[in-house]
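No lab work stands behind these numbers, since they all come straight from the coordinates. None of the values given here were measured: they were computed from a predicted structure. Glycine gets a Cβ as well: all are built from the backbone with ideal geometry, and neighbour counts include every protein chain shown.
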Amino acid sequence: MGLPVQDNIAPTMGKGNHMNTREHQGRRALLGGAATLLLAAHLPAWAKGIKVEVWKDPDCGCCKDWVAHLQASGFDVKVNDGGNDAVRKQLGIDPKYGSCHTAKVGGYAIEGHVPAREIHRLLKERPKALGLSVPGMPVGTPGMDAPVYGGRKDPFKVLLLARDGGASVYQAYEGKTKA
Ligand SMILES: [Cu+2]
């Protein structure tokens, strides 16, 4: 009496497993679709192809790495190999906020290794300001994060430059010492 039941159960289980597998695949496909949709919904903010024009020295490696960071974040970057000192002066960026490259985006000045995240925020919030700066070249900023730095991250601040020459902290990043 027990055997026929088992015989009945076995095919059902087999079928059930088979269905589960298919359901699982279906669910995976759905999840994949949802992830694609989420990504697509998320992309426009980061990948609108917003035009950024950069002035840098042709031999500046960290400038190139910063440009790559912008491109990876969806910016459409035009690079000028030279002229950044002149452009910085023309934009009215005080040399004390200066760094290795200068850029223009959406009517704002961007000086140094400013993370793409703050540039997007700037363009979204559109404050009355000259632009953003990360003075100097802090290690661990986008573009100053090459393997040679071994993952070192120094604390740094993204400054919001006022048109009158002042500045305020737009975003502060904590440092991270390598374990
Ligand atoms: Cu640099």
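The slack between GLU174 and LYS124, meaning 0.36 nm per residue of separation minus the straight C-alpha distance, is 15.6 nm. A Förster distance of 25 Å, applied to the separation of the beta-carbon atoms of ARG152 and ASP65, puts the FRET efficiency at 0.95. Counting charges near LEU122 (Lys, Arg +1; Asp, Glu -1) among other residues having Cβ under 13 Å from its Cβ returns a value of +3. Once you put a point 7 Å from the Cα of ASP76 and another 7 Å from the Cα of ASP94, both along the Cβ direction, what distance in nm separates them? Reported label-point gap for ASP76 and ASP94 is 3.5 nm. Projection of the Cα convex hull of region 48-173, averaged over all directions and equal to a quarter of that hull's surface, yields 6.9 nm².
Calculated FRET efficiency, ALA162 to ALA86, Cβ-Cβ distance, R0 = 25 Å: about 0.70 to the nearest 0.05.
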